[in-house]
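Working notes, beginning with the structure itself.
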Amino acid sequence: MVQLSSQVALTVVMGIVFISIAVLLSRRQPQSVPSGGGEFVGSEEIGGEKLRGLLRWVTTVDHKDIGLLYGVFAVISFAWGGIAVVLMRFELITPASDLLGRSTYNVLLTSHGITMLFLFGTPILAAFANYFIPILIGADDMAFPRINAIAFWLLPPGALLIWGGIILNPVLSGVEGAATAWTLYTPLSIQQANPGLDLMILGLHLSGVAATMGAINFIATIFTQRGEDVTWANLDLFSWTILVQSAQILFTFPLLGSALMMLLADRNFGTTFFATDGGTILWQHLFWFFGHPEVYILVLPPMGLISYILPRFAGRKLFGFKFVVYSTLALGVLSFGVWAHHMFATGIDPRLRASFMAVSIAIAIPSAVKVFNWITTLWNGRIRLRTPMLFCIGFIANFIIGGVTGVFEAAIPVDLVLHDTYHVVAHFHYVIMGAIAFAVFAGIYYWFPLYAGRWYQATLGKAHFWLTMVGTNLTFFPMILLGYGGMPRRYAAYATPVGPVDYFTLLHQLATVGVVLLVVGQLIFVWNLVSSWLEGKRVDSDDPWNLERDDQNTREWQWFAEQRAAALTVTDGGEEAD
């Protein structure tokens, strides 16, 4: 009964969120000013009038609108994955499985991982890229606007398929959420007779198609739509990272799609791609050839955001611009040579293990180049600790912890001890939550005046940062210690007759307190975002961050100034300029 109630509660909450978003979009009225953001968004364009209400958002091909749609979708997905992990954390407060039960815990574990990686991580980065890449490179729009829209609209049905087992469980008997963890390891993913798993595989394939279409579009846009004054030498770092990310997607997501179709055939049509001898290792090779580049697919654009935003509040140009570009290219290439470090404990040839260990340790060097360049940019700079800058600094601190723990796991002897323990969970989440999410928050706050035309509440922004920073470290640092203690990951209970159960219990309780702080911080963030979007103080300057003082003004703020000038021309009753 508790298992059913938790899944019903999750379904009801997300249903309410979907309906609220639809109502908000449908009620948002256009204004008589040019499109651009905030009071500009949802408005008449110069030279043409956009549709009103919900129909406008469903039919738009404007890159800025699609960027905002990606953002809303990612926030909804973040909420779904966040609710799942909160329930899991409360299950782990005590050693016994006395809240959710093991089955529901495994369902939530799978949903959390898949959602955060495929439905939050990639789409939130696509939100920034769609909105800003054409502006940053001087293009009118994406190279293929309609394909851009199609790529987004593949995601909502993909999400419904991924969540289909949980959504349908209360109303259809025999349908449950997938319970394989996000890696879908065989033979478990073949033997689990559950239509919800088939739905999830189809949803993953659909999200992969969407990502691939978007990647092709970004590559074509950056190569063919750049303004005459934008060369490879002065292309901004965010665009560089999106370009490398898109190339990685082209090589990895089609492979994942092929592996998923083979898995689906094994489950439903009696094939034996992964059901025969060696099939388990084959799946791991195929999955991790996608899976580890996926980590860099997720982390490279946030690195680009930090490289782009941090100098604006340091009062200096980024130190070693060319080396940051070269390190980005190096990460893109080397990311394809490290996948088997996830398989050190599988018994693969020791010579292969040694080569993958060497590359896995070497890949830390380009990341370290970026970290040292960021720190050097701060050195003797005119630092302004505004909310975006706080998140940039938080990114660097958390990324160092995530990176160093990763170097430990790249060493075969250490990995054999720590493999499949909470140390791996801590390493991964220091990168995903501690770094990637921090860069996303930095970007949201930095560009909020541009796309909203209003200011966020600075006090709430800083409260969001400190709650998130403290919550992240209070959640994930205890997991490093849990890993050293030998606590396996993906366990719903740890009430064993032997082992340091009291040690595990204390650390799990500390991690749960950290999650509570994270939840409070994200609720403040959402409140700040929505209330400031609707009622925040209007931006009254073409240079809201005072970037001209340090000669740091960039193309998107020049575009913003042009939009404001055009808006004033229309609202003052003057004639529109050519």
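The values are calculated or read from the model by the stated rules, or taken from the named source; none is laboratory data. No experiment lies behind these values; they were computed from the predicted model shown. Cβ sites come from the backbone with ideal geometry, for glycine too, and all protein chains shown count toward neighbours. Remember, those area values only see protein heavy atoms, side chains included, never the ligands or the DNA or RNA. Shrake-Rupley method; radii C 1.70, N 1.55, O 1.52, S 1.80 Å.
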### Query
Which pairs have Cβ atoms under 6 Å, sit 6 or more apart or on different chains, and link a residue in the stretch 193-212 that is assigned to a helix (DSSP H, G or I) to one that is open to solvent by 10 Å² or more (accessible area, probe 1.4 Å) and among the charged types (D, E, K, R)?
Gly196/Glu176
### Query
Of the residues that make up the stretch 357-374, is at least one open to solvent by 20 Å² or more (accessible area, probe 1.4 Å), touching a His at 6+ places or on another chain (Cβ under 8 Å) and touching a residue at least 12 places away in the same chain (Cβ under 8 Å)?
yes
### Message
Take the conditions in a loop (DSSP other than H, G, I, E, B), acidic (Asp, Glu), at pLDDT below 95 and crowded, with 18+ Cβ neighbours inside 10 Å and apply them to Glu176. Does it pass?
### Response
yes
### Query
Would the stretch 444-455 turn up any residue that is in a helix (DSSP H, G or I), touching a strand residue (DSSP E or B) at 6+ places or on another chain (Cβ under 9 Å) and crowded, with 18+ Cβ neighbours inside 10 Å?
yes
### Message
Tell me yes or no: at least one residue of the stretch 487-496 is part of a helix (DSSP H, G or I) and either within 30 Å of Gly315 (Cα to Cα) or open to solvent by 60 Å² or more (accessible area, probe 1.4 Å) (or both).
### Response
no
### Query
Can you spot a residue in the stretch 523-541 that is in contact with a helix residue (DSSP H, G or I) (Cβ under 8 Å, 6 or more places away or on another chain), touching a residue at least 60 places away in the same chain (Cβ under 8 Å), assigned to a loop (DSSP other than H, G, I, E, B) and closer than 23 Å to Gly315 by Cβ?
yes
## Note on the structure
With the first residue restricted to the stretch 467-489 and required to be under 12 Å from Leu418 (Cα atoms), and the second required to be of a type in the set (Phe, Trp, Tyr), Cβ contacts under 6 Å at 6 or more apart or on different chains are Met479/Tyr422; Leu482/Tyr422; Gly483/Tyr422; Gly485/Tyr503; Met487/Tyr422; Met487/Phe504; Arg489/Tyr422
### Query
Only one of Leu255, Leu235, Leu286, Leu250 is open to solvent by 30 Å² or more (accessible area, probe 1.4 Å) and more than 22 Å from the chain's Cα centre (by Cα); which?
Leu286
#### Entry: Breaking point among (1) part of a helix (DSSP H, G or I); (2) open to solvent by 60 Å² or more (accessible area, probe 1.4 Å); (3) of a type in the set (Val, Ile, Thr), for Ile480
(2)
### Message
Can you pull out every residue in the stretch 456-477 that is buried (at least 22 other Cβ atoms within 10 Å of the Cβ) and outside any helix (DSSP H, G or I)?
### Response
Tyr456
### Query
Hey, any hits in the stretch 316-326 for a residue that's in contact with a helix residue (DSSP H, G or I) (Cβ under 6 Å, 6 or more places away or on another chain), open to solvent by less than 30 Å² (accessible area, probe 1.4 Å), more than 15 Å from Ala411 (Cβ to Cβ) and not in a helix (DSSP H, G or I)?
yes
### Task
Give Val230, Val244 a once-over and let me know the one that is in a helix (DSSP H, G or I) and either under 28 Å from Ala437 (Cα atoms) or at pLDDT below 95 (or both).
Val244
### Task
Please give the number of the condition Glu91 fails out of (1) surrounded by 22 or more Cβ atoms within 10 Å (Cβ to Cβ); (2) touching a Phe, Trp or Tyr at 6+ places or on another chain (Cβ under 6 Å); (3) under 26 Å from Pro302 (Cα atoms).
(3)
